[in-house]
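Report on the structure given below.
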Amino acid sequence: PLPPPARPMLAPRRLHGASRAVLSAGRRLSSLQQHHELREDVEAPLAEPALKSMNMFTAINDAMRIALERDPMAIVFGEDVAFGGVFRCSVGLREQFGPSRVFNTPLSEQGIAGFAIGYAAMGHTAVAEMQFADYIFPAFDQLVNEAAKYRYRSGNQFNVGGLTVRSPCGAVGHGGLYHSQSPEAYFTHTPGLKVVMPRGPAEAKGLLLACIRDPNPCIFFEPKALYRAAVEDVPEGDYTIELGVADVMRAGDDVTLVGWGGQLRVLERAADKAAELGISCELIDLRTLLPWDYDTVAESVRKTGRLVVSHEAPVTSGFGAEVSAKIQEMCFDSLEAPITRVCGYDTPFPLIFEPEYLPDADKVLEAVRRVTAY
Amino acid sequence: RAAPSRAPGAADTASMLRATSAGRGMASPGLLRAALSVMPRETDAAAAAAVPFAAQAQPAEAPRRVPVPVPQAHLGHFVAPPPCTSLELVLPRAYGEWPMYRVMGLDGHVEPGAELPDLSVETWHKFHTIMLQLRAADDVFMSAQRQGRVSFYMASTGEEAMHVGSAAALSPSDVVFGQYRELGVLFYRGFPMQGLADQLVANEDDYGSARQMGVHVGSKEHNFFTISSPLATQLPQAVGAAYALKHRRGLEGAGSAAADSVAVAYIGEGAASEGDAYVAMNFAATLDLPVVFFVRNNGYAISTPAREQYRGDGVVSRCAGFGMAGVRVDGNDVHAVYAATKAAREMALRESRPVLIEAMSYRVGHHSTSDDSTRYRDPEEMEAWKSSDPLLRLERFLRLRGLSDEVHEARLRDAARVEVLRALEEAERKPKPTLEKLFTDVYHDVPKHIREQEEGLMAHLAAKAGQ
C-alpha cells in the first residue's frame, strides 16, 4: 500500500470577527465577516491580523508561498513559473523551495493538466498554472473527462482533490482574441469541478488557499487586469475564504447587481452612478461559480425585485444564463422586471473594439435604469 | 518584404554595404539607411548605377578568412556540432528498424543465445493459471454479453503474455495506469474474479459503485487506477504519479516504499497516436521520471490496422526523439516480456528515467462486444497468428519441461471456467447499488444543489409509484 499523503502541518485560520474592524477600515462590511461573526467559532479568537499593502500577483504569490511552506509535498509548476512567471505570480518561490517544488514543464497544457492529475491522484497538492485561460483548451479533456470524474468513476477509491489549476483570464486592454478570454462557463458546466474567481488581492489570497486545500479539483481564474492595478491591504499569514459563499459587498434596496472577478469594479462604478440618480443597488460578488451561492442571490432579489448580471464573456450560454435561469425559477413572484444580462457580445474578443465590446459601467447603468423604470 | 526594384546595372544594397564595410570597416550612416530601407533610394541607386559592381577591379586573391569568435559559453539549446557542408534530407530508413527481443520460440524452446529469466516453477505455473483464468473470463463474459447478462466486455485474447509477463516484473507498490485491455495485470496482482464480475454486472459490490461501463475497473488495494474510456489520458497521469514517487523518495529517503516504486502506464499502438501519449513521453524524459510506458502493439485499433496508424517504425522508434530509452519485445513470449519489463523497471528506478517497451502481439478477438472484426480482418491473417498464441507457447514450454500435459491443462481450464461462471452467477444475485450513489462522490461532500436534485428525483419516483 502507498504511504499516507503528507498533511499540512498547521491548520489555516479562518478570518474571524475580530479582524472585522481592521478589514472594514475604508471598506464596506462584507458578508464574509457577517458570515464568520455568526458562526460558533471552534478555534480561539485571534488578535487583529497584520495587514500589508499588496497587489494581486503579490497576494497570489503569498498564498502559494504559504501552501508550499505548510505542505512539503505541494508543488507549483507550469510554463515559465521557474523564473517567476509571466505575471510574476511565482517570483521567489523556486529560490525559497527549490527546483523540485517549483519548476517549468515543457510547453503543453494537456501535459500540465494530465501530470497534475497524476500527482494529485497520488494524494498530494498540485498547483498547476495555465499561462493564459485562452490556452486552457488543450487541457479540457483532462480537466473535464478525467479530473472532474476521478472520484465518481472510481467509486471514491481515487480522487484528485489536491489539484488546483490557476489561470489568468479576462480583458487587459490589448489582448485581442487570445489573451482576453473568460472561459469560466465551459467549466461551470462540468460537475465535479469547482470554479472560483477573485475580485481583488485579499480575496485572491484567501480564495486560492481555500482552493488549494479544498478536497476537490478547483480551477482558479485570475483576472489579469487586476494583477498590478488592484492594490489593497491584505492580511499577512494564513487565511481562507469559504468556497461556495457569495459576498454581499454593498447593501441596497432597488436592484441586485451580480458579477465576479474584475467585473465587480465595473458594477461598483455603475452602482455609484445609479446612487446619484437615487437608485440603490445591492452588489454581490459570487466568488465561486461552481457550486454557486444561489440562496444569497435569491434572498437579495426577493428584496429588490430586480436583477442585473454582468460578465465579460459572451452573453450566450455565459454563466449569466445560469444565474438568470435559476433566479427566475426561485424568485419569479418577486420579480418586478425581467432579469437582465450585460455581457460581452457573441463575437471573438476583438482588439481595436475592446472598449465598445466590454460591458462597461455605462451599459450596466443603462440596464439598471431600464429595469427600474420597467 | 518586397524585393527592391532594380535599375539596370544597379548594385543591390547588401553588396553596397559589403563593399563599403570591407574597405572602411563600417558602413556610413547613409549607406546603412539605404541598406535597411525596403526600396533603395534614387540617389544611391543612381550613384551605384554609375559604377556597376562587375566592372570594379577584383581582388588578386580570395579575401583572407578571419574566424568569427564564438563565445565559449554554451549557446543554450543550440548543440552546435561541426557544420556539415553536404545537404542531405535524411530518410527514415536510415534510422534502421528496432529489433524484437525474444527468449522463447513459437515451439516453446528457448532460442539459442537467449537467457531464460530465472523464475521459479511456481511463477511459471502462476503465468499459466492466470492466463487461463483470463481466457476463461473472456469466453464467459463475451457470451454473457450476447445473452444480455452483462452490458459490455472487452476480451484480451492473444495478449495474455503481455499482461502476466509484465505484471510479474512489477512490485505491488508500483502504481499502474491501464488503458482497458490489461485485466491479466489486475488478476496477477491479486484482484479477485468476483471483483470483475461485480463490475461487469454493475452491482452494489462493484469497487467503482456501478458507475462505469464494463471492464472499467480500478482497485486502490492493488494500486491499479480506475480505467477511463478517453484514450492515452492515463499516460501523463502516470508521469505525474512518477513525480510523486520521486519527490516522496527525496523526502522519505532510500528505504521508503516510494524509493522502490515506479509508475507503469499501458497503452495500445492506436492510442499512442493521441497527443497525450507524446506529451507524456516528453514530460517524463524532460523531468527525469521513473515511469515505464508499456505499449501493446496488437495490430489494430478497432478496425484500423497499424499501417494506418503510423508511418514510422512502430512506437518504440519515437524514443530517439524524446531522448528516452526503449526496447521492442515479442509480446507473445511471456519470458521476454518479463525480462524486458524487469530491466526497464530497474533502469527507470535506478536512473530515474522513463523507459518504453513496445510489445508486438496480435488482437485475436474483436475490439469489444460492440465490434465484429470479421468485417475488416483477413481470416488468413487471424489463422497465421495462431501459431504465436502466447498461451499455447507457454504450454509447449511447460510440457517440454515435464511441468504440464493435456490432462493438467484441461483440469486448469475447467477449473477456471467454473470459477468465472460461479463469480458471474454470484454477481447476478446481488442488487444494484442504492439510488443515492447516483449523486454521491461528484464532490468530496454532496453540495446543496445536488442534494436538491436528488430530492427532486426521489419525489418524482415516489409520485410515479403512487400513480
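Give the total of Lys-Lys pairs in chain A with Cα-Cα distances below 19 Å; include a pair only if its members are 8 or more places apart or on different chains.
Within chain A, the lysine pair count is 7.
3J(HN,Hα) along the stretch B:259-268: 5, 10, 10, 10, 9, 10, 10, 9, 7, x Hz, from the Karplus curve 6.51 cos²θ - 1.76 cosθ + 1.60 with θ = phi - 60°, whole Hz, x for Gly and Pro. How high is the relative contact order of chain A, in percent, counting Cα pairs under 8 Å that sit 6 or more residues apart? Once divided by the residue count of chain A, the mean separation gives 16 percent. Derived scalar couplings between HN and Hα for the stretch B:62-70 equal 4, x, 5, 7, 10, x, 7, x, 9 Hz in order, rounded to whole Hz, by the Karplus curve 6.51 cos²θ - 1.76 cosθ + 1.60 (θ = phi - 60°), x for Gly and Pro.
Amide H contacts of residue B:404: B:399, each under 5 Å away and 5 or more positions distant or on a separate chain (H built 1.01 Å from N in the peptide plane; Pro and chain starts excluded).
In this label model, residue B:425 and residue B:376 are separated by 3.9 nm, measuring between points 7 Å along each Cα→Cβ vector.
Taking A:334, A:154, A:108 in turn, the Gaussian network model of chain A (Cα-Cα springs below 10 Å) assigns the largest fluctuation to A:154.
Order of B:454-464, A:85-95, B:422-432 by packing, highest average Cβ count within 10 Å first? Mind showing how you got there, number by number?
Details: B:454-464: 10.8, A:85-95: 19.1, B:422-432: 15.3.
The densest-packed peptide leads the list: A:85-95, B:422-432, B:454-464.
Based on the Cα gyration tensor of chain A, what are the three equivalent ellipsoid semi-axes, each the root of five times an eigenvalue, rounded to whole Å and given largest first?
Working through the eigenvalues yields semi-axes of 33, 24, 20 Å.
For the stretch A:63-182, the spread of Cα coordinates along the three principal axes comes to 46, 34, 23 Å, biggest extent given first.
Rg of the Cα atoms in the stretch B:174-292, relative to 2.2 N^0.38 Å, amounts to 1.12. With a 1.4 Å probe rolled over the protein heavy atoms of all chains, the accessible area of B:118, A:247 falls in the order B:118, A:247, largest first. Where is the GNM fluctuation largest for chain A (alpha-carbon springs, 10 angstrom cutoff): A:280, A:180, A:317? Most flexible of the set in this elastic network: A:317.
Kirkwood hydrodynamic radius computed over chain B comes to 26.9 Å, based on all pairs of distinct alpha carbons. In the stretch B:111-264, inverting the average of 1/r over every pair of distinct C-alpha atoms gives 16.8 Å as the Kirkwood radius. Other protein chain C-beta atoms within 10 Å of residue C-beta, averaged over A:208-216: 1.
Structural descriptor for the stretch A:235-374: relative contact order 27 percent, calculated from alpha carbon pairs under 8 angstrom and at least 6 residues apart. Spin-label model, residue A:360/residue B:384: points 7 Å from Cα along the beta carbon direction are separated by 7.2 nm.
Overall, the stretch B:156-244 carries a charge dipole of about 220 debye about its Cα centre when +1 sits on the Cβ of Lys and Arg and -1 on the Cβ of Asp and Glu, all other atoms neutral.
Over every Cα atom in the stretch A:224-374, the radius of gyration and the widest Cα-Cα span, Dmax, amount to 15.3, 48 Å. Its Kirkwood hydrodynamic radius, worked out from the mean inverse distance over all distinct Cα pairs, puts the protein assembly as shown at 31.0 Å. With all protein chains in place and a 1.4 Å probe, the accessible surface of the stretch B:144-245 carries 49 percent carbon and sulfur. Can you tell me the FRET efficiency between residue A:83 and residue A:189 if r is taken as the Cβ-Cβ distance and R0 is 41 Å, rounded to the nearest 0.05? Step by step, r from the Cβ atoms, then E = 0.70. Here's how it looks for residue A:250: its modeled amide H is under 5 Å from those of A:283, which are all 5 or more places away or on a different chain.
Heavy atoms of chains A and B lose about 4200 Å² of accessible surface on contact, summed over both sides with a 1.4 Å probe.
Using R₀ = 45 Å, calculate the FRET efficiency as 1/(1 + (r/R₀)^6) where r is the Cβ-Cβ separation of residue B:256 and residue B:62; round to 0.05. Calculated transfer efficiency: 0.10. You can think of it this way: the chain between residue B:125 and residue B:418 has 103.6 nm of extra reach, that is 0.36 nm per residue less the Cα-Cα gap.
Candidates A:342, A:353, A:318 compared by Cα position along the dipole of the stretch A:286-374: farthest toward the positive end lies A:342, with charges placed on Cβ. The H on the amide N of residue A:307, modeled in the peptide plane, is under 5 Å from the matching H of A:256, A:340, each at least 5 residues off or on a different chain.
Distance between the 7 Å Cα→Cβ label points at residue B:453 and residue A:369: 4.1 nm. About the centre of its Cα atoms, the stretch B:339-467 shows a dipole size close to 360 debye [charges on the beta carbon of Lys, Arg (+1) and Asp, Glu (-1) only; nearest 20 debye]. The relative contact order of the stretch A:318-374 comes to 37 percent, based on Cα pairs under 8 Å that sit 6 or more residues apart.
Treating r as the C-beta distance of residue B:116 and residue B:204 and R0 as 56 Å, the FRET efficiency rounds to 0.75. The charge dipole of the protein assembly as shown, taken about the Cα centre with unit charges on the Cβ atoms of Lys, Arg (+1) and Asp, Glu (-1), comes to about 1560 debye, rounded to the nearest 20. Counting Cβ atoms of other protein chains within 10 Å of each residue's Cβ and taking the mean over peptide A:131-143 gives 1.
Volume of the convex hull of the stretch B:341-457 (Cα atoms only), normalised per residue: 274 Å³. Computed from backbone phi, the HN-Hα couplings of the stretch B:225-240 come to 5, 4, 5, 10, 5, x, 7, 6, 4, 6, 5, x, 5, 4, 5, x Hz, rounded to whole numbers (Karplus: 6.51 cos²θ - 1.76 cosθ + 1.60, θ = phi - 60°; Gly and Pro given as x).
Note on B:437-443: average number of Cβ atoms from other chains within 10 Å of each residue's Cβ is 6. Ranked by the mean number of other Cβ atoms within 10 Å of their residues, highest first, the peptides A:48-58, B:191-201 fall in the order B:191-201, A:48-58. Considering every alpha-carbon pair of the stretch A:225-306, the percent of pairs per 10 Å bin, from zero through the bin containing the longest distance, is 17, 43, 31, 8, 0. Computed over protein heavy atoms with a 1.4 Å probe, the accessible surface of the protein assembly as shown works out to 44 Å² per residue.
Once the Cα-Cα distance is subtracted from the 0.36 nm per residue extended length, the residue B:435 to residue B:461 segment shows a gain of 8.3 nm. Dipole of the protein assembly as shown computed with +1 at Lys/Arg Cβ and -1 at Asp/Glu Cβ about the Cα centre; of B:306, B:98, B:379, farthest Cα towards the positive end is B:98.
Using +1 at the Cβ of each Lys and Arg and -1 at the Cβ of each Asp and Glu in chain B, identify which of B:153, B:63, B:325 lies farthest towards the dipole's positive end. Final value for the positive-end residue is B:63.
Once all protein chains are placed together, residue A:149 keeps about 70 Å² accessible to a 1.4 angstrom probe.
The values are calculated or read from the model by the stated rules, or taken from the named source; none is laboratory data. All values derive from a computational prediction rather than experimental measurement. Reconstructed Cβ throughout: ideal geometry from the backbone, glycine too, with neighbour counts over all protein chains shown. Side chains included, ligands, DNA and RNA excluded: accessible areas come from the protein's heavy atoms. Shrake-Rupley method; radii C 1.70, N 1.55, O 1.52, S 1.80 Å.
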